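Undergrad: My questions all concern the structure below.
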Amino acid sequence: MNPKVLILMGSDSDWAVMAEARAALADLGIEAEVHVSSAHRTPERTGKLAREAAGRGIQVIICGAGAAAHLAGVVAAETELPVLGVPLASSDLQGLDALLATAQMPAGVPVGTLAIGKAGARNAGLLAARIIARADGVVAERVREQRARMTREVEAKDAALQAKLASS
Ligand code: RP5
């Protein structure tokens, strides 16, 4: 057990989306630790998790939260590790509230904000892997393979489309 990524989410109701981040990391052989911790409901616990992360070997923290989503910002205020924020569509505003709350950080406390929802969660995992890859050749090679796989998938889809169009 040597997780390099810490995934935090404001509620267990966020897991269906945030599981994408863990899956993206697992595909690249990167272990992640996952916890529910809320900036508003459990501020002490959230601060402790953020402050202790670097000392435990965590290299990147991913935070997913919805509504007035302050989790990523609060975590970024408590650590020098890179923090990636995933806004989640869990209120009547469909994630626009969380997007603005996560992205609009004041100068000096950076949060790298991804897209709302599953695409953002997956990309947070991939981006965390790329950060880790700068100092880890094995992960860098897996990132290269992942990109090559994606290229092959798109080419196969195009070949299938061309075949369909030719026969129509
Ligand atoms: C946010 O409030 C959480 O991140 C979640 O997206 C949202 C709703 O939480 P629950 O009421 O489902 O626990 O803090």
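The values are calculated or read from the model by the stated rules, or taken from the named source; none is laboratory data. What you are looking at is a predicted structure, and each value in this text was computed from that prediction instead of being measured. Here the Cβ is made from the backbone with ideal geometry for all residues, glycine too, and neighbour counts use every protein chain on show. Surface accessibility is based on the protein's heavy atoms, side chains included, excluding ligands, DNA and RNA. Shrake-Rupley method; radii C 1.70, N 1.55, O 1.52, S 1.80 Å.
Undergrad: What full-extension length gain, to one decimal in nm, is calculated for VAL109 and ALA140 as 0.36 nm per residue of separation minus the Cα-Cα distance?
TA: Value of the extension gain: 8.4 nm.
Undergrad: Just name one of VAL154, LEU25, ALA54: the one whose Cα is farthest towards the positive end of the charge dipole of the chain (beta-carbon charges, Lys/Arg +1, Asp/Glu -1).
TA: Farthest along the dipole direction, towards plus: VAL154.
Undergrad: Given a Förster distance of 41 angstrom, what is the FRET efficiency for ALA148 paired with SER91, based on the Cβ-Cβ distance and rounded to 0.05?
TA: 0.60
Undergrad: Still on this model: Express the Stokes-Einstein translational diffusion coefficient of the stretch 49-91 in µm² s⁻¹, to the nearest whole number, given a Kirkwood radius over alpha-carbon pairs, 25 °C and a viscosity of 0.890 mPa s.
TA: Reported coefficient: 231 µm²/s.
Undergrad: Compute the whole-percent fraction of alpha carbon pairs in the stretch 1-90 spaced more than 14 Å apart.
TA: That tail contains 58 percent of the Cα-Cα pairs.
Undergrad: A further question on this structure: Return the whole-Å distance between the Cα centroid of the stretch 11-76 and the Cα centroid of the stretch 113-151.
TA: 17
Undergrad: Rule-of-thumb check for the chain: C-alpha Rg over 2.2 N^0.38 Å?
TA: It is 1.13.
Undergrad: If we sort 123-135, 48-60, 76-88 on the protection proxy, mean other Cβ atoms within 10 Å, highest first, what's the order?
TA: Highest-to-lowest ranking by the protection proxy: 76-88, 123-135, 48-60.
Undergrad: Between SER13 and ASP158, how high is the FRET efficiency from 1/(1 + (r/R0)^6) when r is the Cβ-Cβ distance and R₀ = 30 Å? Nearest 0.05.
TA: After rounding, the FRET efficiency stands at 0.20.
Undergrad: So, one more: Note down the magnitude of the dipole of the chain about its Cα centre, charges +1 on Lys and Arg C-beta and -1 on Asp and Glu C-beta and zero elsewhere, to the nearest 20 debye.
TA: 320
Undergrad: Heavy-atom accessible area per residue, the stretch 20-120, 1.4 Å probe: how many Å²?
TA: 48
Undergrad: Ignoring solvent entirely, what values of log10 I(q)/I(0) come out of the Debye formula for the stretch 79-165 at 0.18 Å⁻¹ when each Cα is a single scatterer?
TA: -0.89
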